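Notes to accompany the following structure.
Rule-based calculations on the coordinates, nothing more; no lab input. Here the structure is a predicted model, which means the values were calculated and not measured. All Cβ positions, glycine included, derive from the backbone under ideal geometry; neighbour counts span all protein chains shown.
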Amino acid sequence: MGRLPTLLLYAVVIAAFTGGAFAYASFDKTVQISVDGKTHTVHTFARTVGGVLEHADVRTGEHDLVKPAPSAHLSEGDQIQVVHGRPLRLMLDGQPTVVWVTAATVEEALYQLGLTASGTYVSASMSRPVPLTGLGLVVRVPHQITVLHDAKATRLTTNAATVQLALAAAKVRLARTDRVSAPLQSMPTEGQVISVTRISKSSLVMTKAIPFRTTHVSDSSMYKGTTKVVSSGRVGVLVKRYAQVTVNGAVHNRRLISLRVIRKPETRVVHVGTKPRPSSSGDVGDPKVDNLNWYALAGCESGHNPDAYSPRGPYYGLYQFSQGSWELVGGKGDPRDASSNEQTYRAKKLYMRSGDGNWPTCGHYLYE
């Protein structure tokens with residue numbers, strides 16, 4: 001074989017070796033895998049997150065958190081996070097349930113489940129770890145209840161496990177002959193009204209709630225479509241007193257001797273706006289400007305009051321013009337003397353000159 005063919009064959013071999021080495025280097029990647037907070041580095045030829053996890057013998061299930069997703073493609077230096085799911089066997093307000101979380105502590109688990117209300121009872125320390133095998137927890141969220149007793153109403157917020165404990169928290173003592181409208185071993189519920197009826201040998205006192213009514217009042221100072229609760233209302237309390245004779249524990253005779261309202265119900269008052277909303281006219285002919293949310297901007301700047309005044313500028317009208325900005329867009333006199341339509345028109349002109357910078361706090365409402 002001549003010298004030239006030999007040199008050509010040598011060059012081909014070198015090129016093949018160099019190309020293979022380059023391909024090897026291009027497919028080999030170094031990535032970091034964090035499994036339940038423990039991080040280690042792996043070298044892999046895998047193209048996807050799922051592939052590198054399989055290569056690293058990291059098993060995942062439907063309750064586990066994997067970031068990025070297993071189908072995501074890998075690049076050099078990527079970081080993969082795996083947090084295994086943990087079962088929580090909850091007794092939530094007396095109801096058993098099993099949920100899965102990826103939290104490391106009880107506090108994080110409750111945060112993931114949205115059980116972070118103040119006053120919530122939890123049977124374990126908030127810093128207690130949640131093992132992979134799971135954890136059993138008793139959780140009771142606070143409930144607002146009303147106890148009608150002794151001719152009065154006591155309101156309280158409680159996470160008590162039973163009605164009996166809730167009554168104790170309300171400082172309501174029970175005699176053996178008393179009657180309670182809810183089972184003592186039942187769990188209180190949100191908004192529950194519990195009536196305590198005292199019974200003696202000679203009399204029976206029953207306390208009942210009197211529902212309040214709701215009145216709607218037209219209010220010309222508020223815009224149409226808006227309402228405002230002026231008085232929230234309150235239930236009344238009615239006390240019925242009976243005289244009775246019992247024979248061998250059975251009621252032989254009972255008669256009503258008094259019927260007294262010790263607290264009248266307070267009406268719930270709701271004001272309903274009747275004032276027409278400012279007209280959305282005052283168009284400048286540019287749809288991009290006319291179609292912005294000028295009503296929302298006026299609400300933020302002045303509460304929709306065309307006569308609004310702020311001494312800080314001073315600023316005037318629906319859109320809190322300064323006198324200079326008002327005159328800059330052709331306004332005459334006091335902006336408050338102009339109609340709502342003209343104020344809207346001048347505001348649009350001002351926007352066309354300098355954008356929403358004239359309203360640094362409220363300008364974002366234009367785009368909502």
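Computed over the chain with a Gaussian network model linking Cα atoms closer than 10 Å, the most mobile of Arg336, Arg255, Arg241 is Arg336. To the nearest 0.05, how large is the calculated FRET efficiency for Leu132 and Ala209 if R₀ is 41 Å and r is the Cβ-Cβ distance? My answer for the efficiency is 0.25.
Between Gln144 and Gln112, the contour length at 0.36 nm per residue exceeds the Cα-Cα span by 9.1 nm.
Between Asn291 and Ser232, the FRET efficiency from the beta-carbon distance, with R0 = 51 Å, is close to 0.85.
Placing a label point 7 Å from the Cα of Lys201 along the Cα-to-Cβ direction, the residues of region 165-193 whose backbone N falls under 19 Å of that point are 175-179. Under 20 Å from a label point set 7 Å out along the Cα-to-Cβ vector of Ala243, the amide N atoms of region 190-229 belong to 198-207.
Taking label positions 7 Å along the Cα-Cβ direction at both Gln32 and Ser339, the computed distance is 6.6 nm, reported to one decimal. Residues in region 59-66 carry Karplus couplings, in order, of 8, 10, x, 5, 9, 8, 9, 10 Hz; the curve used is 6.51 cos²θ - 1.76 cosθ + 1.60 with θ = phi - 60°, and Gly or Pro positions show x. Ignoring aspartates and glutamates fewer than eight residues from Lys264 along the same chain, the ones with Cα atoms less than 19 angstrom from its Cα are Asp150.
Counting every C-alpha pair in the chain, the share spaced more than 25 angstrom apart comes to 77%.
Please work out how much length the chain gains when fully extended from Ala168 to His63, using 0.36 nm per residue of separation minus the C-alpha to C-alpha distance, in nm with one decimal.
Details: separation 105, 0.36 × 105 = 37.80 nm, distance 4.19 nm.
Extending this stretch completely gives an extra 33.6 nm.
Label zone of Tyr121 (point 7 Å out along Cα→Cβ, amide N under 20 Å): in region 190-222 this covers 190-195. Between Arg312 and Ser218, the distance separating the two model label sites (each 7 Å from Cα on the Cα→Cβ line) works out to 3.6 nm. Gain on full extension, evaluated as 0.36 nm per residue between His364 and Arg176 minus their Cα-Cα distance, stands at 61.2 nm. How high is the FRET efficiency between Val98 and Leu184 when r is their beta carbon distance and R₀ equals 35 Å, given to the nearest 0.05? With R0 = 35 Å, the Cβ-Cβ based efficiency is 0.75.
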